[in-house]
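The values are calculated or read from the model by the stated rules, or taken from the named source; none is laboratory data. Not measured: the values here are computed from a predicted model. Cβ atoms come from the backbone with ideal geometry, glycine included; neighbour counts cover every protein chain shown.
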Amino acid sequence: MEGPVTLASDLASVKSFMKWSLKKPELLHQVLDFATEATISYANSMVLAGADVISVADPVASPDLLSPDSFKSELQSRLQKFSSNVDSVTVLHICGNVGPILNYMADCGFEGLSVEEKIGSIKKAKEVLGNRARLVGNISSPFTLLPGPIEKIKEESKKALEEGVDVLAPGCGIAPMTPLSHIKAMVEARNEYYA
Ligand SMILES: [Zn+2]
């Protein structure tokens with residue numbers, strides 16, 4: 001599901017949302033609080049309907065769009081509120097190179113943090129997280145999973161496991177034309193790695 005920050009920017013329009021983040025903090029807070037409440041009730045409804053894990057994509061919270069300082073001062077408390085009010089295991093995905101905000105993401109209360117290949121070293125990311133959250137990712141959706149070949153997907157998957165990724169997964173949303181065999185190759189790589 002879409003995260004509170006992205007829902008807020010969708011409701012306000014990205015243009016207004018970005019403008020408010022610089023010039024109208026009271027409007028920014030208002031729409032963020034509304035979106036946080038809305039995403040909490042939506043997530044809990046899915047839990048009641050049987051969802052096992054609530055996985056949140058919040059691309060607008062990326063340092064590509066909002067500064068790490070804004071993440072800490074405006075977004076972190078809303079994401080904390082989300083995770084503590086949703087009655088489920090939760091995973092937070094934020095796109096882009098989240099290196100500058102990873103430490104803040106780790107304090108948001110999500111069990112898993114899903115990151116792209118742009119994070120660079122998995123080992124370093126794991127050091128930042130410590131015991132606060134599990135690392136999910138980070139096989140490149142556009143550059144590895146879409147084009148393949150299968151050998152490359154397996155090689156990168158095993159390397160990610162070797163470096164300590166906790167949950168092997170695509171780095172971001174799976175591209176629509178990705179062959180099913182490429183997704184299966186990730187699972188095969190995991191099986192071969194632990195064989
Ligand atoms: Zn992404």
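Give SER73, SER13, SER21 a once-over and let me know the one that is of a type outside the set (A, V, I, L, M, F, W, C) and crowded, with 18+ Cβ neighbours inside 10 Å. First the steps, then the outcome.
On the way: SER73 fails: crowded, with 18+ Cβ neighbours inside 10 Å; SER13 fails: crowded, with 18+ Cβ neighbours inside 10 Å.
Result of the check over SER73, SER13, SER21: SER21.
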Check your understanding: Inside region 125-164, can you point out the residues that are among the small types (Gly, Ala, Ser) and closer than 18 Å to TYR193 by Cα?
Key -> GLY137, SER157, ALA160, GLY164
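Among the residues of region 8-22, are any basic (Lys, Arg), over 22 Å from GLU111 (Cα atoms) and away from the ligand (no atom under 16 Å from the Cβ)? First the steps, then the outcome.
Residues of region 8-22 basic (Lys, Arg): 15, 19.
Filter again for over 22 Å from GLU111 (Cα atoms), leaving 15, 19.
So of that shortlist, the ones also away from the ligand (no atom under 16 Å from the Cβ) come out as 15, 19.
Looking for residues that are basic (Lys, Arg), over 22 Å from GLU111 (Cα atoms) and away from the ligand (no atom under 16 Å from the Cβ), one finds at least one in region 8-22, hence yes.
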Review point. Take the residues of region 76-106 that are away from the ligand (no atom under 16 Å from the Cβ) and among the hydrophobic types (A, V, I, L, M, F, W, C): which is farthest from LYS124 (Cα to Cα)?
Key: VAL86
Revision key, fill the gap. Only unsatisfied item for ASP64, checking (1) in contact with a Cys (Cβ under 9 Å, 6 or more places away or on another chain); (2) assigned to a helix (DSSP H, G or I); (3) not polar (S, T, N, Q), is (2)
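Against the condition buried (at least 17 other Cβ atoms within 10 Å of the Cβ), out of contact with any Pro (no Cβ under 7 Å at 6 or more places or on another chain) and modelled with pLDDT under 95, how does ILE153 come out, does it pass?
Working: buried (at least 17 other Cβ atoms within 10 Å of the Cβ): yes; out of contact with any Pro (no Cβ under 7 Å at 6 or more places or on another chain): yes; modelled with pLDDT under 95: no.
When the stated conditions are applied, ILE153 does not pass them.
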